[in-house]
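The values are calculated or read from the model by the stated rules, or taken from the named source; none is laboratory data. Owing to the predicted nature of the structure, the values given are computational and were not obtained by experimental measurement. Note: ideal-geometry Cβ built from the backbone for every residue, glycine included; neighbour counts use all protein chains shown. Please note that ligands, DNA and RNA were not included when accessible areas were found on the heavy atoms of the full protein model with its side chains. Shrake-Rupley method; radii C 1.70, N 1.55, O 1.52, S 1.80 Å.
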Amino acid sequence: MLSIGLGLFLVERPRAGLEIMPLMVGDTPATIMRVPQTVGPVVVLAHGVGMTRQAMQPLQLTLARAGYITVSYDALGHGRNSGVPRLQELRAELAAVSTAALAQPGADGRLALLGYRLGAEVAVHQAEVDDRVAAVIALSLPSDVEVPSGVSDNLLLVNGFQGDVWPLLSGWITDETAADDDVISGRVVSVPLMAGAGLLYTPVTLRETRDWLNTRFGRPYRNGIASIAAPVLLIVLGIVVLGLPLADLLPAGRVLPEVPSGAFWSLALAPMILTPLTLFWVETSLLSAVAADYLALHLALFGALVLVGLTVEGDMPQLRGVWPGLAVAGYGLLTIGIVLDRYVTGFLPQGGHWLVMAALLPGAVLTMVADAALSQAGRARAWRRWAVRLALLASLAIAAVLGGEELFFLFALLPVMVFFYLSFGVVGGWVGRRTGSAFAMGLGLGVALAWLLAVRLPLGSILP
């Protein structure tokens, strides 16, 4: 409880004194953050594929506390926005949100766009045609995106790895080398050993973004940055630890026997390879979310192969423990889910996400029951538990490589899966060890996994 309380205090502290309001721009839900009665520039924040406006909170809180009027939004097909995310519509959406943001009280007419990955691409192209844009911050801009010459002078580019500066940027004049103070120049920043969405939370990104905008808009004020990653992890840690005494309230069950070593390795490794190779020849284009139909089939086949093998070995788990399983899912979704929805990513399925979740659910349950059976409902040695889980991650990675561009988004799900195992998975393991039911553990984790993946997948395809 101390961990949860401390985490909540630290993560809520940056919000103190801010005015935080919802805003609807047509069908696009957005959030305004600002210091009350602020007069100054506007910053519009655009997230990446599979994210929501909550992912931009560290940056939005930092800039709002620095005196900017900030607006983040759920892009088409993401979070609480059920539209179709085609690139042209995404650019029009950003323009509409920018117009609404500039209409807010206190906006002085100056506009900055900040985007991550796809959001950065949309921001860069929008800045080329929108004269209102005075500055652009692009985080992890895709390497195949050409920066227009009219935009590069006012662009801050933040990359995830040192030296990852593309040839198209080699001619830039940087702040450090500009000989004339009147020269407006682009700036490139590398953040060593940082990749993916972690770039949104690192203090380097927060400080560089704040300082870049202050320089561009002639604002000398410096405020503290809103580094909320550690507090969020503290809250989640507290929730996970609290799951142990709650699991002890369940009826105790017997310890499951260990799967023999030869059978264990066969059932862990064979599905890892057979699943992506088999599905390579299968066309999947039924569901309206990126890679969702393939993922549903992958999980179902992977789990089925393991369970068939367990049946042959005589180790098929018994179908008992429905209520403890649902308790695992309910506890995780109502606690960790609320934390994620407020501070990290939208966690409430909208529209088509319910259909995606229903499609993922059977395969997710099969895979998690298989996981629980091979790990003796959480009682197996640690290396066995992680071997099973790494096999699933490796199988998805193989599928992403074989599937090319169509399945490349599966790589973005791997960190989600790791988080799932370290949070929901630990709670499920405690329930499994207490009840001795692989089915209870697998059912609960399967429901939670289907939910987590469904809200992470963007509706529609990201097309030109």
- Query: Relative contact order for the stretch 353-464: what is it in percent, counting Cα pairs under 8 Å that are at least 6 residues apart?
  - Reply: 45 percent
- Accessible-area order for Arg13, Arg384, Arg216, largest to smallest, probe 1.4 angstrom, reads Arg13, Arg216, Arg384
- Message: 5 Å is the cut-off here: which amide hydrogens, built 1.01 Å from N in the peptide plane, fall below it relative to Gly83, excluding neighbours closer than 5 in sequence?
- Response: Gly77, His78
- Message: Can you tally the net charge around Gln37? Count Lys and Arg as +1, Asp and Glu as -1, for every other residue whose Cβ sits under 14 Å from the Cβ of Gln37.
- Response: -1
- Message: Give me a comma-separated list of calculated 3J(HN,Hα) values for the stretch 79-88, in order, Karplus coefficients 6.51, -1.76, 1.60 applied at θ = phi - 60°, integers in Hz, x for any Gly or Pro.
- Response: x, 9, 10, 9, x, 9, x, 7, 4, 4
- Taking the Cα atoms only, what angle lies between the long axis of helix 229-247 and the longest principal axis of the chain, rounded to 10 degrees? 20 degrees
- Helix 382-403 sits at what angle to the longest principal axis of the chain, using alpha carbons and giving 0 to 90 degrees rounded to 10? 60 degrees
- Task: Any chance you could look up the accessible area of Asp248 with a 1.4 Å probe, heavy atoms only, rounded to 10 Å²?
- Result: 80 Å²
- Query: With labels modelled as points extended 7 Å from the Cα through the Cβ direction, what inter-label distance (nm, one decimal) is found for Ala103 paired with Trp323?
  - Reply: 5.4 nm
- Item | Neighbourhood net charge (14 Å Cβ-Cβ; Lys/Arg +1, Asp/Glu -1) for Asn81 | -1
- Task: Give the distance, in whole Å, between the Cα centre of the stretch 193-259 and the Cα centre of the stretch 79-151.
- Result: 26 Å
- Mind checking the stretch 233-335 for GluC sites (Glu not before Pro) that DSSP puts in a loop (not H, G, I, E or B) and that have at most 12 other Cβ atoms within 10 Å? Glu283
- Message: Explain nothing, just the number: relative contact order of the chain, from Cα pairs under 8 Å at least 6 residues apart, as a whole percent.
- Response: 18 percent
- Per the rule of 0.36 nm per residue minus the C-alpha distance, extending Arg342 to Arg222 adds in nm 40.6 nm
- Message: Could you compute the net charge surrounding Trp383? Neighbours are other residues with a C-beta less than 15 Å from the C-beta of Trp383; K and R count +1, D and E count -1.
- Response: +3
- Which of the listed residues, Asn81, Pro29, His47, is farthest toward the dipole's positive end in the stretch 5-92, when Lys, Arg count +1 and Asp, Glu count -1 at the beta-carbon? His47
- Query: How big is the accessible area of Asp153 in square angstrom, nearest 10, if you roll a 1.4 angstrom probe over the protein chains?
  - Reply: 80 Å²
- Item | Calculated [θ] (222 nm, deg cm²/dmol) that DSSP helices of n ≥ 4 give over the chain, each run adding -39,500 (n - 2.57) | -17000 deg cm²/dmol
- So what is the orientation-averaged projected area of the stretch 214-269, using the convex hull of its C-alpha atoms, in nm²? 9.5 nm²
- Note on the structure: Rounded to the nearest whole number, the Stokes-Einstein translational diffusion coefficient of the chain at 37 °C and 0.692 mPa s (Kirkwood radius, C-alpha pairs) in µm²/s is 140 µm²/s
- Of Asp371, Asp341, Asp108, which has the most accessible area and how do the rest follow, probe 1.4 Å? Asp108, Asp341, Asp371
- R0 of 30 Å, Cβ-Cβ distance Leu244-Ser143: FRET efficiency to nearest 0.05: 0.10
- Message: Probe of 1.4 angstrom, ligands and nucleic acids ignored: what's the accessible area per residue over the chain, in square angstrom?
- Response: 41 Å²
- Query: Which angle from 0 to 90°, rounded to the nearest 10, does the C-alpha axis of helix 2-12 make with the longest principal axis of the chain?
  - Reply: 30 degrees
- Top to bottom by accessible area (1.4 Å), largest first, where do Met441, Met21, Met272 land? Met21, Met272, Met441
- Message: Please give the charge dipole size of the chain, origin at the Cα centre, charges +1 on K and R Cβ atoms and -1 on D and E Cβ atoms. Round to the nearest 20 debye.
- Response: 1760 debye
- Message: Suppose a student asked you for the relative contact order of the stretch 1-54, using Cα pairs under 8 Å spaced at least 6 residues apart; what percent would you report?
- Response: 23 percent
- Message: Need one value: the accessible area of Val322 in square angstrom, 1.4 angstrom probe, rounded to the nearest 10.
- Response: 70 Å²
- Once you treat every alpha carbon in the stretch 1-103 as an equal point and sum by Debye, what is log10 I(q)/I(0) at q = 0.16, 0.17, 0.19, 0.25 Å⁻¹? -0.70, -0.77, -0.91, -1.31
- Item | Accessible surface of the chain, 1.4 Å probe, proportion on carbon and sulfur as whole % | 64 percent
- Query: From the Cα gyration tensor of the stretch 276-386, with a ≥ b ≥ c the square roots of its eigenvalues, which class applies: rounded if a/c is under 1.5, or else prolate if a/b is larger than b/c, or else oblate?
  - Reply: oblate
